[in-house]
Amino acid sequence: MSQQLRAKYSTVADWDAAYRKGTPPWDAGKPHAELSRVLDEYQLRPQTVLEVGCGTGADAILLARRRFEVTAIDCSPISVERARLRAEQHNALLHFVLADAFEFAPKTGQFDLVYDAGLYHSVREAQLERYLDMLWRVTRSGSHFLCLAGAPDETEDDGPPQVGEDEIRNELGRLFEFVHLRPTRLEGADPNRHHAAWSCLMRR
Ligand SMILES: C[S@@+](CC[C@H](N)C(=O)[O-])C[C@H]1O[C@@H](n2cnc3c(N)ncnc32)[C@H](O)[C@@H]1O
């Protein structure tokens, strides 16, 4: 992602404007395949799950349909409205919260699994400390954290923000143990493009 594109999404109004215009480039409208892959591979059966930066809710709904107790937060009113509508259409029961995840974290409990597809890579350059503080507050010993984040790809200059392996190891490794850090592909709005990404599963 170019500096210019990155600067596009630094406030709630920026995120909300992206949704207001239609379908933003990251919104696949369906769950990320890597989420199910990881849940199945590790037989993860968390009782409580928090999704941070849930967008229009496809992943949160998948988690709720697996009968986990799901709280999903996003700061964009339009995305949360779309997520609630999508949940209603799928008869999925979960709790969507319209909030800044960094401010919500001290008020919420601790979760068995925290999931993030696209928030860490969007905020890490400007707000890493706040992000790590949020993660610490919403987890406890034994909690898992699954993060999907853009990976370096020289062929793309308009895809998701790209994070180097060393950066992930240095930044997220401050809090948790790595279970795996492996390459994956991240779906977006364009069904013909899958972006280079990291699948990072960690345990506190
Ligand atoms: C790249 S999008 C990913 C959305 C969704 N996870 C997906 O994969 O479609 C990042 C999301 O994080 C939300 N966001 C950004 N900053 C946030 C914050 N401080 N608290 C909560 N949500 C935030 C944005 O509104 C946006 O929906």
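For the stretch 39-55, which residues satisfy the criterion of being buried (at least 24 other Cβ atoms within 10 Å of the Cβ) and either free of Cβ contacts under 8 Å to residues at least 24 places away in the same chain or more than 10 Å from the ligand (Cβ to nearest atom) (or both)? Give the derivation first.
From the stretch 39-55, those buried (at least 24 other Cβ atoms within 10 Å of the Cβ) are 49-52, 54-55; that's our starting set.
Hits for the stretch 39-55 are Val49, Leu50.
Tell me, please, whether a residue that is buried (at least 16 other Cβ atoms within 10 Å of the Cβ) and out of contact with any Phe, Trp or Tyr (no Cβ under 8 Å at 6 or more places or on another chain) can be found in the stretch 2-15.
Step one: filter the stretch 2-15 for residues buried (at least 16 other Cβ atoms within 10 Å of the Cβ), giving 9, 15.
Restricting the remaining residues to those that are out of contact with any Phe, Trp or Tyr (no Cβ under 8 Å at 6 or more places or on another chain) gives none.
Looking for residues that are buried (at least 16 other Cβ atoms within 10 Å of the Cβ) and out of contact with any Phe, Trp or Tyr (no Cβ under 8 Å at 6 or more places or on another chain), one finds none in the stretch 2-15, hence no.
Looking at the stretch 147-162, can you tell me whether even one residue there is of a type outside the set (A, V, I, L, M), touching a helix residue (DSSP H, G or I) at 6+ places or on another chain (Cβ under 7 Å), in a helix (DSSP H, G or I) and within 9 Å of the ligand (Cβ to nearest atom)?
The answer is no; no qualifying residue exists.
Given the conditions (1) surrounded by fewer than 16 Cβ atoms within 10 Å (Cβ to Cβ); (2) at positive phi; (3) of a type in the set (Gly, Ala, Ser), which single one is not true for Gly118?
Condition not satisfied by Gly118: (1).
Going through the stretch 56-78 one residue at a time, which ones are within 19 Å of Val138 (Cα to Cα) and either polar (S, T, N, Q) or within 11 Å of the ligand (Cβ to nearest atom) (or both)? Give the derivation first.
Residues of the stretch 56-78 that are within 19 Å of Val138 (Cα to Cα), as a first pass: 59-60, 63-64, 68-75.
If the condition is that a residue be within 19 Å of Val138 (Cα to Cα) and either polar (S, T, N, Q) or within 11 Å of the ligand (Cβ to nearest atom) (or both), then Asp59, Ala60, Thr71, Ala72, Ile73, Asp74, Cys75 are the ones that fit.
Of these, Ile78, Ile61, which one is surrounded by fewer than 21 Cβ atoms within 10 Å (Cβ to Cβ) and farther than 22 Å from Leu135 by Cβ? Write out each step before concluding.
Numbers: Ile61 fails: surrounded by fewer than 21 Cβ atoms within 10 Å (Cβ to Cβ).
Ile78 is the lone residue from the list that is surrounded by fewer than 21 Cβ atoms within 10 Å (Cβ to Cβ) and farther than 22 Å from Leu135 by Cβ.
Quick check on this structure: which one of Arg174, Arg204, Arg185, Arg137 is among the charged types (D, E, K, R), in contact with a helix residue (DSSP H, G or I) (Cβ under 6 Å, 6 or more places away or on another chain) and at pLDDT 95 or above? Write out each step before concluding.
Working: Arg174 fails: in contact with a helix residue (DSSP H, G or I) (Cβ under 6 Å, 6 or more places away or on another chain); Arg204 fails: in contact with a helix residue (DSSP H, G or I) (Cβ under 6 Å, 6 or more places away or on another chain); Arg185 fails: in contact with a helix residue (DSSP H, G or I) (Cβ under 6 Å, 6 or more places away or on another chain).
It is Arg137.
Which of the residues belonging to the stretch 79-125 are over 11 Å from Val52 (Cα atoms), touching a helix residue (DSSP H, G or I) at 6+ places or on another chain (Cβ under 6 Å) and near the ligand (Cβ under 9 Å from one of its atoms)?
Passing the criteria: Ser79, Val123.
With the structure loaded, tell me whether Glu88 is more than 16 Å from the chain's Cα centre (by Cα) and farther than 26 Å from Arg182 by Cβ or whether it fails that test. Can you show your working first?
Values: more than 16 Å from the chain's Cα centre (by Cα): yes; farther than 26 Å from Arg182 by Cβ: yes.
Answer is yes for this residue.
So how many residues does the stretch 45-59 have that are farther than 10 Å from Asp116 by Cα and not polar (S, T, N, Q)? Full working, then the answer.
Restricting attention to the stretch 45-59, the residues satisfying the condition of being farther than 10 Å from Asp116 by Cα are 45-49, 55-58.
Next cut, not polar (S, T, N, Q) only: 45-46, 49, 55, 57-58.
Result for the stretch 45-59: 6.
The values are calculated or read from the model by the stated rules, or taken from the named source; none is laboratory data. Note that this is a predicted model, so its numbers are computed, not measured. Because the Cβ atoms are built from the backbone with ideal geometry, glycine has one as well, and the counts that use them run over all protein chains shown.
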